[in-house]
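A quick write-up on the structure given underneath.
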Amino acid sequence: MTKAMASGGVRVRLTGIRRVFPVLDDAGRARGGSASGLVVLDGLDLDVAPGAFVALLGPSGCGKSTLLRLVAGLDRADAGAAVVEAEGGASGGGGARAPIAYVFQDAHLLPWRSVLENTALPLELAGAPVEERRAAARAALLQVGLADAGARYPAELSGGMRMRVSLARAMVTRPRLLLLDEPFAALDELTRSRLDDQLRALWAELGMTVLFVTHSIIEAAYLAERAVVLSPRPARIVADRTLSLPAERTAALRTEPAFAREVRALQEALERGGA
Ligand SMILES: Nc1ncnc2c1ncn2[C@@H]1O[C@H](COP(=O)(O)OP(=O)(O)O)[C@@H](O)[C@H]1O
Ligand SMILES: [Mg+2]
């Protein structure tokens, strides 16, 4: 894909985010009224520059997915604001050219649709003409190394290939913000590092803002320019590090002293946070 098709990134600004889930009793009623509940986020601030690649690192259950859902507009904060800001105005997402795409740990492909039809789905839902969406889906599949797999079906693919289709489907709308929630966590080590490389390459080419949730310190250090380390629930930011690593990430980097230093710093931050 050429630079002319690059989408660029948007700014993400979270201010004073609070999210409390009601604790329900056996009858499904909120126990103790609105005053009590599970406090997942409490006064969280985060400012992400357009085009940044940020890893959100934190222990299981601390509130990472909740945070991502708030950014995507899939959930509402009880206090504070989550703003996704294109130049010339704020946007909560939606519309024909949705600026936000979301990738989950499970690829969530429709088994009765071919790879090409799965990839084209967001454009189909947006009402794009068939030729246009097929062309865009082919381009997206090419970007993730699946140019020849368009006619195949999900059941015929490996886990890594399915996740690449999921990534292609996310990229087909040329999102300006890509949210990924532990997308490669279920894959084997080698497949995972290949997908890490592919994601870095997509980001370098297209320049969208990326928020990548992971509980892998090594993956966070390898992928991101900035790593935000969260404490156990309610998630506080215990470290916010700009990683001093070269822009070009290759497998060799994983064995270099600079990489080991970053990994150690993130590990210490996680421990400091009480993980
Ligand atoms: N819709 C919900 N209702 C009630 N509790 C929830 C809901 N979503 C998440 N939680 C709880 O909030 C906490 C944080 O969840 P989550 O954001 O999924 O954590 P993480 O992604 O960091 O593992 C967990 O204790 C989880 O059980
Ligand atoms: Mg989660």
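The figures follow:
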| item | result |
| --- | --- |
| Single residue of the stretch 222-268 satisfying the filter (touching a residue at least 60 places away in the same chain (Cβ under 8 Å) and among the small types (Gly, Ala, Ser)) that is farthest from residue 61 (Cα to Cα) | 224 |
| Tabulated pairs, the stretch 131-157, first more than 17 Å from residue 108 (Cα to Cα) and free of Cβ contacts under 8 Å to residues at least 12 places away in the same chain, second surrounded by fewer than 20 Cβ atoms within 10 Å (Cβ to Cβ) and of a type in the set (S, T, N, Q), C-beta under 7 angstrom, 6+ apart or interchain | none |
| Tally, over the stretch 175-189, of residues that are more than 16 Å from ligand 1 (Cβ to nearest atom), touching a helix residue (DSSP H, G or I) at 6+ places or on another chain (Cβ under 7 Å) and under 29 Å from residue 129 (Cβ atoms) | 1 |
| Qualifying residue in the stretch 210-221 (condition: of a type in the set (Phe, Trp, Tyr) and under 19 Å from residue 11 (Cα atoms)) | yes |
| Residues within the stretch 220-232 that are within 16 Å of ligand 1 (Cβ to nearest atom) and surrounded by fewer than 18 Cβ atoms within 10 Å (Cβ to Cβ), tallied | 1 |
| Selected residue (criterion: nearest to residue 79 (Cα to Cα)) from residues of the stretch 44-67 that are more than 16 Å from ligand 1 (Cβ to nearest atom) and surrounded by fewer than 18 Cβ atoms within 10 Å (Cβ to Cβ) | 45 |
| The stretch 197-219, subset within 14 Å of ligand 1 (Cβ to nearest atom) and modelled with pLDDT under 95, residue surrounded by the most Cβ atoms within 10 Å (Cβ to Cβ) | 214 |
| Filtered residues of the stretch 103-128 (kept if in a loop (DSSP other than H, G, I, E, B) and at pLDDT 95 or above) | 109, 110, 111, 112, 113, 114 |
| Residue list for the stretch 114-131, restricted to those being touching a Gly at 6+ places or on another chain (Cβ under 9 Å) and either surrounded by fewer than 16 Cβ atoms within 10 Å (Cβ to Cβ) or over 17 Å from residue 175 (Cα atoms) (or both) | 114, 115, 116, 117, 126 |
| Residue in the stretch 22-39 that is crowded, with 17+ Cβ neighbours inside 10 Å, in the same structural domain as residue 238 (by TED's automatic domain parsing) and touching a residue at least 24 places away in the same chain (Cβ under 8 Å) present | no |
| Search result, residues across the stretch 59-69 that are near ligand 2 (Cβ under 9 Å from one of its atoms) and either part of a loop (DSSP other than H, G, I, E, B) or not assigned by TED's automatic domain parsing to the domain that holds residue 275 (or both) | 60, 61, 62, 63 |
| Count of residues meeting criterion [hydroxyl-bearing (Ser, Thr, Tyr) and in contact (Cβ under 8 Å) with a residue 40 or more places away in the chain] in the stretch 108-130 | 1 |
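Yes/no matrix, rows are residues, columns are (1) within 16 Å of ligand 2 (Cβ to nearest atom); (2) in contact with a Cys (Cβ under 6 Å, 6 or more places away or on another chain); (3) under 18 Å from residue 169 (Cβ atoms):
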{"site": "187", "(1), (2), (3)": "no, no, yes"}
{"site": "195", "(1), (2), (3)": "no, no, yes"}
{"site": "219", "(1), (2), (3)": "yes, no, no"}
{"site": "222", "(1), (2), (3)": "no, no, no"}
{"site": "232", "(1), (2), (3)": "yes, yes, no"}
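The values are calculated or read from the model by the stated rules, or taken from the named source; none is laboratory data. All values reported here derive from a predicted model rather than from experimental measurement. Methodologically, a virtual Cβ is constructed for each residue, glycine included, from the backbone with ideal geometry; neighbour enumeration extends over all protein chains shown.
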